[in-house]
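A short write-up of the structure that comes next.
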Amino acid sequence: MNLPSINELVAYRKRREPALGVVLYAHPDKLSVLSEDGKRYSVEPKKVVLLTGITVPETLTDSEKKLEMRKWRRELEEKKDSVDMETLWECVVEEQETVSFEEILELYSGAEQVSLEQRFLLFWAVDKNTVYLARGENGYLVRSREDVSKTLRILELREEREQKAQAAVSWVRSVISGETPPVVDEIHGEFLELIERYVIDLDGYERAKEAKGFLYEAGLKEVESVVEFLIKTGFWKKDDDPESKKITFHFRHSQRALEEVEAILSAEEDFASLTDRTDLEVFSVDSETTQDIDDAISFETHGDQIILGVHISNVAHVVSRGSFIDQGALDRAETVYFPEGRVDMFPRNLVNKKLSLTAGDLRPALSLFATFKREDFTLIDYSFEATVIRISKNLTYAEATEMLRNTQWGEFLVSLTDSLRAERINKGALIVQLPELKIRIGDQDRISVSKDYMDSPAHNVVSECMILMNRLSADFFDKNGIPALFRSQTQDIEPEARELDPEDVLFPVKVAKHLKPSFVALAPEVHKSLGVSRYVQMTSPIRRYTDLLMQRQLISWLKEQKICYSESELEATNTHVSLATREIKNAQRGRHRYWFIRYILEKDIKGATGYVSSKGYSGFNVYIPEFLIELPLSNSGGRVFDIGSELSLSIWGTDPLRRRIRVSPT
């Protein structure tokens, strides 16, 4: 190849695409070119694909040369479609597999002389064309008629798609401006589905780039604006948002899983391998709205001994490892609870008819039987059994508290669990029972807000029974060398945490700063906050996948002295579940805040009493006991407050969709 002249305009390969450059220095081994972006590059001569013969004036500055190249590119792009590529292709398609640019130039010009500009344009049209020719190592590959036909069809469909997109963009703009009513037809619905998936998964959506381009053209530049538009068109309901939509979209149960559910429901119950303990009086205790009941309790006295039974729904007996139901549960990681309803880890039909410990029904269970001395509640022994039980009663916390107070065995049970709690406190446990703000959505989206206090006798009994189940399961795993997911908390609890006054209005905020995070590992370590030497979570296999792992592990050992999961399998599964759980917790917090702000708006609450709880870099925070929430203080006018100061607050700037609520001193 001949060397280019200094200041000659050349085309060279840059990531296979043609780029323009002005030659500054030429040597057989290396060229120095000024690129279109104004930078100087070294280019191998073999990468130069066209010497145009066109020179730019030597007197131009680098910036002016850059503008000159941009001008050439713009003109080439505008004119390239004027070259009849189809006719050129027809001349060679039946005769040649490859063709050089010189051969194409000869076909194009015939006997006529072409100008340097015409030659440059022909090269650009050939090199940028993707229909008839394809760039090869030595010239251009001639594409077959079949390939050309397919490509033309793809381009035709792409053009149709772009026309639809432009029409949809115009529709979106006119709906936003109020010029057009938000009536959705089939084409609009197609693009609404596109932007719906984008606001649900953002850049995780495989068509995110296309969706973002569409939204930019339509003038919808923030996710909340897109949500408002989807609601305005009726494509989403009034209270839909990306967090809840993402969970419900990705938590759909597969058809194969639903088929497995139907097979389980239609099959005859098989309890032959289970120990029959239908003789026991077994009761569950849950909130009024709980439907997925995983645990229940029994209580027996035999002479100078008490046998406490803790019974957990035996999901492992119903759901086989590796089944489609099981795989779906693993993907979901846990049941999601929103104020407007729950999204189940397992198909709801299966939960209601086979898994939930509902009164009057026979259910398989994993049962702990812990034997205590009646006189001082010393633990004598414990055992686990795979059982079949019949639930006598499903009690609310209020009903259970009444029963515990008015029966002799209830008093015994309270005394036993009080003893278990005292034992944990003696070992360093920090008992914190904070109320929870419960938000429930009733008929016609009526929002109710109430505080759930967790300190009733029934709450204490259930809590201690579940902790007992979990710590004795951990003890069983450890003593038998069974791989397990042990939950530990090894940090010391500061003495100040124990000195806090529960009657202090700021107690929830102050004590939260002393609560230490727990972690999951394969080696058992102490859980200082609970005051136990080792701990696993076993008691919610309907709602938490890792609890089901632990249940399978224990039952497999009971049956065959074999493990169900290796350490590596447990570790991998826990990693997956932890990532999914983090996303679920964020969604639950977001939806709780959404409905709380909606409640403030609906009830037209303009003010509240708050207490200065802390000072941060950007100002003060206030705690509002009425709603159990801590918020940053806005518009304080530079005033300084003492921690604990009572303030009359104005509530304003509420925006549920953006999770925004502001408070300032009145």
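None of Ser254, Ser320, Ser284 is small (Gly, Ala, Ser), surrounded by fewer than 15 Cβ atoms within 10 Å (Cβ to Cβ) and out of contact with any Gly (no Cβ under 9 Å at 6 or more places or on another chain) except Ser320. Just one of (1) touching a Lys or Arg at 6+ places or on another chain (Cβ under 7 Å); (2) closer than 30 Å to Arg593 by Cα; (3) surrounded by fewer than 18 Cβ atoms within 10 Å (Cβ to Cβ) fails for Asn352. It is (1). Of the candidates Arg534, Arg544, the single residue that is buried (at least 21 other Cβ atoms within 10 Å of the Cβ), farther than 30 Å from Leu657 by Cα and in the same structural domain as Gln489 (by TED's automatic domain parsing) is Arg534.
Could you please let me know if Arg424 is more than 23 Å from Arg363 (Cα to Cα), in the same structural domain as Gly341 (by TED's automatic domain parsing), buried (at least 18 other Cβ atoms within 10 Å of the Cβ) and basic (Lys, Arg)? So Arg424 passes the test. Within the stretch 232-282, the residues that satisfy the criterion of being touching a Leu at 6+ places or on another chain (Cβ under 9 Å) and within 30 Å of Ile597 (Cα to Cα) are Thr233, Phe235, Trp236, Asp240, Asp241, Pro242.
Looking at the stretch 576-627, which of the residues that are farther than 24 Å from Leu434 by Cα and of a type in the set (A, V, I, L, M, F, W, C) is nearest to the chain's Cα centre (by Cα)? Ranking the qualifying residues of the stretch 576-627, first place goes to Ala580. Checking each residue in the stretch 459-513 for being among the β-branched types (Val, Ile, Thr) and in a helix (DSSP H, G or I) picks out Val461, Val462, Ile467, Val509, Val511.
Residues checked against (1) under 27 Å from Tyr453 (Cα atoms); (2) touching a Lys or Arg at 6+ places or on another chain (Cβ under 7 Å); (3) aromatic (Phe, Trp, Tyr):
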position: Cys564; (1), (2), (3): no, yes, no
position: Thr573; (1), (2), (3): no, no, no
position: His576; (1), (2), (3): no, no, no
position: Asn586; (1), (2), (3): yes, no, no
position: Arg591; (1), (2), (3): yes, no, no
position: Gly607; (1), (2), (3): yes, no, no
position: Ser613; (1), (2), (3): yes, no, no
position: Gly619; (1), (2), (3): no, no, no
position: Ile629; (1), (2), (3): yes, no, no
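Taking the stretch 112-123 as the range and being of a type in the set (D, E, K, R) and either modelled with pLDDT of 95 or more or in a helix (DSSP H, G or I) (or both) as the test, the residues that pass are Glu117, Arg119.
Quick grid of which residues meet (1) β-branched (Val, Ile, Thr); (2) outside any helix (DSSP H, G or I); (3) modelled with pLDDT under 95; (4) in the same structural domain as Asn586 (by TED's automatic domain parsing):
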site: Lys246; (1), (2), (3), (4): no, no, yes, no
site: Glu259; (1), (2), (3), (4): no, no, no, yes
site: Ile264; (1), (2), (3), (4): yes, no, no, yes
site: Asp270; (1), (2), (3), (4): no, yes, yes, yes
site: Thr278; (1), (2), (3), (4): yes, yes, no, yes
site: Thr290; (1), (2), (3), (4): yes, yes, yes, yes
site: His311; (1), (2), (3), (4): no, yes, no, yes
site: His317; (1), (2), (3), (4): no, no, no, yes
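Just so you know, in the stretch 437-458 the residues that are in contact with a helix residue (DSSP H, G or I) (Cβ under 6 Å, 6 or more places away or on another chain) and assigned to a helix (DSSP H, G or I) include one that is surrounded by the most Cβ atoms within 10 Å (Cβ to Cβ), and it is Ala458. Scanning the stretch 319-348 for residues that are of a type in the set (S, T, N, Q) and either in contact with a helix residue (DSSP H, G or I) (Cβ under 6 Å, 6 or more places away or on another chain) or in a loop (DSSP other than H, G, I, E, B) (or both) yields Ser320, Ser323, Thr335. Quick one: is Ser63 among the small types (Gly, Ala, Ser), without any contact (Cβ under 8 Å) to a residue 60 or more places away in the chain, over 16 Å from Asp127 (Cβ atoms) and in contact with a Leu (Cβ under 9 Å, 6 or more places away or on another chain)? Answer is no for this residue. Taking the listed residues Asp492, Asp504, Asp547, Asp478, the one that is in contact with an Asp or Glu (Cβ under 9 Å, 6 or more places away or on another chain) and either of a type in the set (D, E, K, R) or under 30 Å from Pro625 (Cα atoms) (or both) is Asp547, with no other qualifying. Across the stretch 238-271, the qualifying residues are those that are under 17 Å from Leu330 (Cα atoms) and β-branched (Val, Ile, Thr), and the one among them that is nearest to the chain's Cα centre (by Cα) is Ile247.
With respect to Ala296, determine if the residue is of a type in the set (Gly, Ala, Ser), crowded, with 19+ Cβ neighbours inside 10 Å and not assigned by TED's automatic domain parsing to the domain that holds Glu340. Against the criterion (of a type in the set (Gly, Ala, Ser), crowded, with 19+ Cβ neighbours inside 10 Å and not assigned by TED's automatic domain parsing to the domain that holds Glu340), Ala296 does not qualify.
Suppose the filter is over 30 Å from Arg591 (Cα atoms) and of a type in the set (Ser, Thr, Tyr); does Thr233 pass it? No; evaluated as a whole, the condition is false for this residue.
Per-residue answers, yes or no, for (1) part of a strand (DSSP E or B); (2) over 30 Å from His253 (Cβ atoms); (3) hydrophobic (A, V, I, L, M, F, W, C):
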residue	(1), (2), (3)
Leu350	no, no, yes
Ala365	yes, no, yes
Phe372	yes, yes, yes
Thr387	yes, no, no
Asn394	yes, no, no
Ala398	no, yes, yes
Met403	no, yes, yes
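Would the stretch 504-517 turn up any residue that is among the acidic types (Asp, Glu), touching a strand residue (DSSP E or B) at 6+ places or on another chain (Cβ under 7 Å) and either buried (at least 21 other Cβ atoms within 10 Å of the Cβ) or assigned by TED's automatic domain parsing to the domain that holds Leu368 (or both)? Looking through the stretch 504-517, none of the residues is among the acidic types (Asp, Glu), touching a strand residue (DSSP E or B) at 6+ places or on another chain (Cβ under 7 Å) and either buried (at least 21 other Cβ atoms within 10 Å of the Cβ) or assigned by TED's automatic domain parsing to the domain that holds Leu368 (or both). Might you let me know whether the stretch 449-469 holds any residue that is more than 28 Å from Thr396 (Cα to Cα), over 32 Å from the mean Cα position of the chain (by Cα) and touching a residue at least 24 places away in the same chain (Cβ under 8 Å)? Checked the stretch 449-469: no residue is more than 28 Å from Thr396 (Cα to Cα), over 32 Å from the mean Cα position of the chain (by Cα) and touching a residue at least 24 places away in the same chain (Cβ under 8 Å).
Taking each residue of the stretch 16-33 that is farther than 25 Å from Leu121 by Cβ and looking for partners that are among the basic types (Lys, Arg) and assigned to a strand (DSSP E or B) with beta-carbon atoms closer than 9 Å, six or more apart or interchain, yields Ser32/Arg40. When Leu485, Leu500 are screened for being buried (at least 20 other Cβ atoms within 10 Å of the Cβ) and among the aliphatic types (A, V, I, L, M), only Leu485 passes.
Filtering the stretch 48-78 to residues that are closer than 13 Å to Ser35 by Cβ and either among the acidic types (Asp, Glu) or not assigned by TED's automatic domain parsing to the domain that holds Leu31 (or both) leaves Asp62, Glu68. So the check is Cβ under 6 Å with 6+ separation or different chains; which pairs have a first residue in the stretch 323-338 that's surrounded by fewer than 19 Cβ atoms within 10 Å (Cβ to Cβ) and a second one that's in a loop (DSSP other than H, G, I, E, B)? Pairs that qualify, where the first residue is surrounded by fewer than 19 Cβ atoms within 10 Å (Cβ to Cβ) and the partner is in a loop (DSSP other than H, G, I, E, B), are Phe324/Ser254.
Only residues that are under 48 Å from the mean Cα position of the chain (by Cα) and either in a loop (DSSP other than H, G, I, E, B) or under 13 Å from Tyr41 (Cβ atoms) (or both): list them for the stretch 1-15, please.
Those that are under 48 Å from the mean Cα position of the chain (by Cα) and either in a loop (DSSP other than H, G, I, E, B) or under 13 Å from Tyr41 (Cβ atoms) (or both): Tyr12, Arg13, Lys14, Arg15.
The values are calculated or read from the model by the stated rules, or taken from the named source; none is laboratory data. Quick caveat, the model's predicted, so the values are computed rather than measured. Here the Cβ is made from the backbone with ideal geometry for all residues, glycine too, and neighbour counts use every protein chain on show.
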